[in-house]
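Worksheet for the structure shown next.
All of the numbers you see were taken from the coordinates with simple rules; none came from a lab. Because the structure is predicted, anything quoted here is derived from the model rather than measured. Backbone-built Cβ (ideal geometry, glycine too); neighbour counts: all protein chains shown.
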């Protein structure tokens with residue numbers, strides 16, 4: 001839930017329930033003063049801005065008069081100063097550390113002034129904070145003179161990202177909602193209606209003689225960033241720019257123009273929605289978008305669970321020396337006929353189902369009794385040895401694991417245990433801390449055919465991994481949403497690890513499979529643990545290539561894949577702003593040295609050295625790639641881009657094709 005809005009507990013409770021409260025606000029003297037100031041300043045008004053003033057198709061006639069959209073910025077500033085001087089102390093009585101960003105005189109003349117049904121723009125990250133409008137009429141307000149009317153309880157349920165250029169999902173439901181869902185604010189002059197800016201509201205025309213005058217002050221928590229969401233549909237209808245603003249921004253900008261001179265802090269994936277009335281009714285009963293889903297815990301210890309929820313992983317002691325040795329000896333005793341030439345493999349890739357079944361039984365038999373005192377109400381569902389032979393070619397790119405459960409209700413995790421001490425020199429597991437909260441799109445098979453949100457950004461996100469040093473027998477339990485990778489094993493010794501998948505006992509296991517030749521159509525299958533013994537990625541990839549899908553499974557859902565198409569700047573901005581992950585410069589420098597690159601991104605080998613070696617083809621590839629990089633990325637490349645030598649590129653491509 002966002003930070004607390006009201007100082008008074010009862011007001012907070014009422015506000016959370018309805019989306020607004022009504023409180024005493026201005027006395028008679030203050031009302032008269034503000035009326036006088038309205039008439040004193042109105043001569044400065046330049047009239048409202050509209051979409052007709054710019055190259056934007058909007059023929060809507062603006063029938064309401066808000067200071068906020070006035071053409072005269074001096075007038076807007078003067079009104080802001082007048083209103084905030086009178087309102088701030090009053091607001092401080094009720095609100096918990098809020099500051100103003102927009103102030104309006106709202107004027108409704110006779111037979112005019114209808115304000116269409118809408119939600120106010122989003123001015124903060126509403127998953128964490130709540131912005132409010134304080135609406136105070138300077139005359140008694142009722143339905144006859146066009147009072148404010150609310151859809152009770154509609155706050156934080158619609159229009160998560162709102163701005164002047166973003167199509168509103170309820171735009172075609174005006175008649176139904178006005179007819180059936182409005183509560184009028186019949187309030188006396190000076191009473192304040194403090195409303196959540198995300199609540200659906202409306203006001204009709206003033207049907208009485210004379211002027212209906214009111215004031216609106218929009219306020220945000222002092223600790224929150226002031227944001228503006230802008231959609232340039234002509235450029236990309238699926239990307240909303242998130243702009244960091246301040247109070248001056250709202251004084252000078254034009255609602256129907258793309259803002260300039262402000263900090264662009266990220267991009268959000270957006271799909272235009274057009275709700276039916278049935279959708280609206282369902283939305284009124286749905287969870288608020290600032291309410292986190294309650295997911296049953298995996299851990300008995302609440303502190304460990306909290307760390308897992310926060311970071312996306314935890315490291316705990318698990319196995320003793322004898323158990324570690326037992327797992328090692330079991331692996332060494334097997335016939336490993338599935339080992340590929342590139343030095344990284346998992347036992348699940350074995351074509352022998354008896355081999356895979358034996359690994360399941362062995363790992364479950366050793367690990368489950370050790371996990372029982374740590375985990376609660378869980379079940380294991382997959383198991384594998386995870387092996388890295390020594391060599392530079394076995395780097396594992398950043399990725400997320402498949403989606404195994406309905407992640408709105410449950411979570412799945414991997415328990416990964418090295419059976420020798422691991423660090424950056426022998427391919428320790430590396431994670432992007434907090435990434436499970438950022439990249440939450442469904443992950444489906446097969447690879448490389450089904451591209452993930454990370455597929456085009458392997459080098460962009462690798463610099464943010466954190467290498468987790470571990471002792472033999474320790475366990476890294478990580479959310480399958482968490483982005484993870486591993487550097488090459490340069491120790492000269494094979495690194496052996498084990499892993500099992502776990503989830504809540506009540507969770508139904510699922511598998512998402514992208515159907516071939518369907519332009520992104522995905523089937524969701526209901527499965528059990530036997531599925532993972534039979535279908536590895538290699539087999540699923542072969543099915544895809546043969547234009548087939550898994551047989552004998554129940555399809556419980558089908559959807560169209562819609563991954564965000566991030567640019568490099570956008571995806572790195574997401575990591576930098578939405579996670580605690582830091583750029584791992586030390587690791588990138590070490591990789592540069594390992595792969596024979598200088599600090600400026602050029603290969604250390606000279607042309608003569610290449611010509612005198614057998615690597616003539618490698619030389620040509622490096623020269624070609626280096627030439628492109630220098631031409632396109634001069635002075636702007638990240639460390640990892642500078643150090644991305646062809647053998648890393650070839651290996652990652654190979655891993656994605658063969659995984």
Rounded to the nearest 10 degrees, the helix 73-94 long axis (Cα) sits at an angle to the longest Cα principal axis of the chain of 80
Classify segment 266-375: rounded, prolate or oblate, from the alpha-carbon gyration tensor (a ≥ b ≥ c, eigenvalue square roots; a/c under 1.5 rounded; otherwise prolate if a/b is larger than b/c)?
-> prolate
Express the relative contact order of segment 87-197 as a whole percentage, based on alpha carbon pairs under 8 Å and six or more residues apart in sequence.
-> 38
Once label points are set 7 Å from the Cα along Cα→Cβ at both residue 440 and residue 567, what is their separation, rounded to one decimal in nm?
-> 2.6
Quick one: if the Förster radius is 30 Å, what FRET efficiency do residue 265 and residue 73 give, using the C-beta to C-beta distance and rounding to 0.05?
-> 0.75
Gained length - residue 114 relative to residue 451, 0.36 nm times residue gap less alpha-carbon distance = 116.5 nm
Residue exposure sequence - 595, 559 - by fewest surrounding Cβ within 10 Å = 559, 595
Given Cα pairs under 8 Å that are at least 6 residues apart, what percent is the relative contact order of the chain?
-> 12
Treating the angle as unsigned and between 0 and 90°, give the value, to the nearest 10°, between the Cα long axis of helix 302-311 and the longest Cα principal axis of the chain.
-> 90
Order of 85-95, 35-45, 308-318 by packing, highest average Cβ count within 10 Å first?
-> 308-318, 85-95, 35-45
CD proxy at 222 nm, helix term only [per DSSP H run n ≥ 4: -39500 (n - 2.57); per residue of the chain; nearest 500] | -8500 deg cm²/dmol
Subtracting the Cα-Cα distance from 0.36 nm times the residue separation, let me have the gained length for residue 232 to residue 287 in nm, one decimal.
-> 16.9 nm
Compute the length gained on full extension between residue 372 and residue 179: take 0.36 nm times their separation in residues and subtract their Cα-Cα distance, giving the result in nm to one decimal.
-> 63.8 nm
With a/c under 1.5 counting as rounded, go ahead and sort segment 366-483 into rounded, prolate or oblate using the C-alpha gyration tensor (a ≥ b ≥ c being the square roots of the eigenvalues; past the cut-off, prolate if a/b is larger than b/c, else oblate).
-> oblate
Can you sort 588, 185 so the residue with the fewest Cβ neighbours within 10 Å comes first?
-> 588, 185
Order of 102, 31 from fewest to most other C-beta atoms within 10 Å?
-> 31, 102
Label model pair residue 128, residue 332: point-to-point distance (7 angstrom along the Cα→beta-carbon line) in nm is 5.0
Label residue 491 and residue 530 with points 7 Å out from Cα along Cα→Cβ: what is the distance between them in nm?
-> 3.8
Förster radius 25 Å - calculated FRET efficiency between residue 27 and residue 152 (Cβ-Cβ, nearest 0.05) | 0.30
Go through 7-18, 495-506 and give me the packing order, highest mean Cβ count within 10 Å leading.
-> 495-506, 7-18
Between residue 421 and residue 302, Cβ-based FRET efficiency (R0 30 Å, step 0.05) works out to 0.50
Quick one: grab the alpha carbon gyration tensor of segment 302-578, order the square roots of its eigenvalues as a ≥ b ≥ c, and give me rounded if a/c is under 1.5, else prolate or oblate depending on whether a/b is larger than b/c.
-> rounded
Helix axis angle, 646-658 relative to the chain longest principal axis, alpha carbon, degrees | 90
